[in-house]
Every structure is written in structure tokens, then in C-alpha cells.
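Working notes for the structure below.
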Amino acid sequence: MDPVKVPIFDLDGTLVDSDEALLAPFLALGIERDAIPPPGMLLEEACSLCGVTVADYLAAYDPSLVRPFSGVAKLIEGLVRWNVCSNKRRAVGRLELELLGWEPERALFAEDFGGRPKHLDSLLNDLGLDATDVVFVGDTDHDRACADAAGVPFFLAGWNPRAEAKAGDIRLSCPADLLERL
């Protein structure tokens, strides 16, 4: 594969280990751990399944519980251009990026997708890039689908132990693996 110019990252489960931070509001709202949907689901859907409001969930969410995966901070420091495309709510995602001291070129969040799951079309358009100029790095099936829909190569964030490789994935064992491909 030719070197890529710009990586686009999912946030939760890719750049940051946020599983416990994402579960904590449900637990605080009285939902049993085994009744909480798995990470990666759209917030509205997860809250609906649990019978809680998005507003109550967000009020209980603590972004300071989010931590970068090992090696991600060094990866970010080594990038000239990088972007985020996440289903996370903008206010929370921006706050997490700020707390981590990270400044992507662009960051798109749930509100940017008109109620649909994230997609790369508007980000690529805003950046003046096409599918051959980028890779999408993520950890879930919906990240893979997002990349596939845009014709963008998908790199699996294999440093997340929850990430499961599928046929056709380019699996990265650690964040440094991505730097070697750029």
C-alpha cells in the first residue's frame, strides 16, 4: 500500500480507552452492568435501550476518566495532519480532546451527521481530500462500515483488546505501526 497523507481516527476505543467512562453514567443511573449495551452503539440508541435520557447520561458523564491508549500520545505527536470522526457528542468529544491537549485538523462528532451514524464524505470534502489520500483507523464494525462506504482503507486499532479483525482489515498492533505506514 502506498503511504497515506492523512489518518482519520475514531475516538472511543481507538485513540482513547473510554470503556469505563462510557459505562459509568449508566451505572450511576442505576442500570446493571450486564444490561448496558456494548461500547460503540449510538448514544441515543444505548440510552433508549437502558430507559434513560441522553441528557441524564451526559450529566453523569465524566470526561476526565478517559485515557489515551498506550503509545497514542506519541503517535499524535508524530503526525503533521490528523482528524477525528466520531459518533460521540461534540461537547464531550471536544472537552476530551482539550483535556488531552490534542488538536486535530478537523473533528466531526454526532451532531455533524444529521442523526445518522458517522460518515467520511463531508470531512473529505472539507479537507479537499479523496479516499486515496486517507485511512480510517477504528475499532468496531461500524468504523469499518464507515470506511467502506467512503472507499477508504480501514486500519484496525489492534491495540484495543476488544477490537476484532475481519477479512480485509489492516491490523495495527500498536500506534507506532501507523507511523511506519505514513
Once the dipole of the chain is set up from charges on Cβ (+1 Lys and Arg, -1 Asp and Glu), the residue from the list Leu49, Thr14, Leu75 lying farthest towards its positive end is Leu75
extent check for the stretch 94-182: Cα max minus min per principal axis, descending, whole Å, gives 31, 30, 25
For the stretch 86-139, the dipole about the Cα centre with charges only on Cβ (Lys and Arg +1, Asp and Glu -1), to the nearest 20 debye, works out at 300
Quick calc, the stretch 19-60, dipole around Cα centre from Cβ unit charges on Lys, Arg (+) and Asp, Glu (-), nearest 20 debye, gives 60
Expected sort for Leu100, Leu27 with the fewest Cβ neighbours (10 Å cutoff) up front is Leu27, Leu100
A chain fully extended from Ser122 to Leu29 at 0.36 nm per residue, minus the present Cα-Cα distance, gains in nm 30.0 nm
Computed about the Cα centre, the charge dipole of the chain from +1 Lys/Arg and -1 Asp/Glu charges at the Cβ has a magnitude in debye, to the nearest 20, of 160
Residue by residue through the stretch 58-75, the couplings from Karplus 6.51 cos²θ - 1.76 cosθ + 1.60 with θ = phi - 60°, in Hz, x for Gly and Pro, are 5, 5, 8, 7, 10, x, 6, 7, 7, 10, x, 5, 4, x, 5, 4, 5, 4
For the stretch 19-60 (alpha-carbon point model, no solvent) the Debye-based log₁₀ I(q)/I(0) at q = 0.28, 0.31 Å⁻¹ works out to -1.04, -1.33
Residue-ordered couplings for the stretch 102-115, obtained by feeding phi - 60° into the Karplus form 6.51 cos²θ - 1.76 cosθ + 1.60 and rounding to whole Hz (Gly and Pro as x), are 9, 10, x, 4, 9, 9, 10, 10, 3, 5, 7, 10, x, x
Total charge of the residues flanking Pro38 in space, meaning their Cβ is under 10 Å from its Cβ, with Lys and Arg +1 and Asp and Glu -1, is 0
Expressed to one decimal in nm², the mean projection of the alpha carbon convex hull of the chain is 9.7
When the charge dipole of the chain is computed with +1 on Lys and Arg Cβ and -1 on Asp and Glu Cβ about the Cα centre, the Cα farthest towards its positive end, among His142, Gly168, Leu182, belongs to Leu182
Percent relative contact order for the stretch 6-152, counting Cα pairs under 8 Å at least six residues apart, stands at 31
Simple spin-label estimate for Glu44/Ala167, 7 Å along Cα→Cβ, in nm, reads 3.4
Total charge of the residues flanking Arg81 in space, meaning their Cβ is under 14 Å from its Cβ, with Lys and Arg +1 and Asp and Glu -1, is -3
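Bear in mind these aren't lab numbers, they're just calculated from the coordinates by the rules spelled out. Treat the numbers as computed from the prediction; the structure is a model and nothing was measured. All Cβ positions, even for glycine, are placed from backbone atoms using ideal geometry, and neighbour counts span all protein chains on display.
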